[in-house]
Amino acid sequence: MFRPHKAKRTMSLIALVAALAAATPALSSPEGDYLRFCSLCHGFDGTGKGPLADALKKPPANLTLLTRRHGDKFPAEYVKEVITKGGDIIGHGSSEMLPWGPTFSAEEAGGMPDDRIRIEGLVRYIESIQAP
Ligand code: HEC
């Protein structure tokens with residue numbers, strides 16, 4: 001069932017994430033980037049329970065279980081693709097997992113470090129929080 005109120009609220013929350021990400025002073029460390037761009041949905045610990053999680057139509061993934069769910073091998077390339085291109089590549093057309101590639105490119109143009117290095121840093125950060 002289409003619920004216009006919920007859809008509208010979700011859209012404004014996504015706008016809020018984008019605005020917060022844009023307004024937060026540039027911290028360039030993988031953990032800083034994670035907190036700034038990802039934690040509101042995926043949670044501070046990566047388990048998917050961020051403050052915005054309940055407002056989304058699709059629950060944000062638990063990012064600590066990627067290794068377990070991919071045959072005990074951390075799927076670095078896949079994670080990089082999802083971060084760069086967004087949820088559409090997962091296959092069920094989720095528009096709530098935004099593509100972050102353009103944000104990192106724009107920030108690089110604005111004087112921040114190389115976007116590929118920052119995305120690679122995020123991939124390594126997510127690898128570091130995998131459940132045993
Ligand atoms: C507005 C909320 C939101 C933000 C912000 C967000 N995500 Fe997501 N993310 C989601 C949702 C929802 C899904 C599940 C999408 C699906 O299954 O279609 C997801 C899925 C993913 C996946 C795929 C997980 C899997 O199980 O296959 C990865 C990896 C991921 N996000 C990483 C990130 C990273 C890294 C950031 C920060 C750069 C980030 N996300 C920011 C909502 C968000």
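FYI, it's all coordinate maths here, none of it is from the lab. Quick caveat, the model's predicted, so the values are computed rather than measured. Using ideal geometry, Cβ is built from the backbone for each residue, glycine included, and neighbour counts are taken over all protein chains shown.
How do 53-65, 34-46 rank on mean C-beta neighbours within 10 Å, highest first? Walk me through the numbers before you get to the answer.
On the way: 53-65: 16.1, 34-46: 19.5.
So the peptides 53-65, 34-46, ranked by packing, come out 34-46, 53-65.
Computed from label points 7 Å out along Cα-Cβ, the spacing between residue 53 and residue 16 is 1.7 nm. Packing, as the average of other Cβ atoms within 10 Å across residues, places the peptides 107-114, 12-19, 77-84 in the order 77-84, 12-19, 107-114, highest first.
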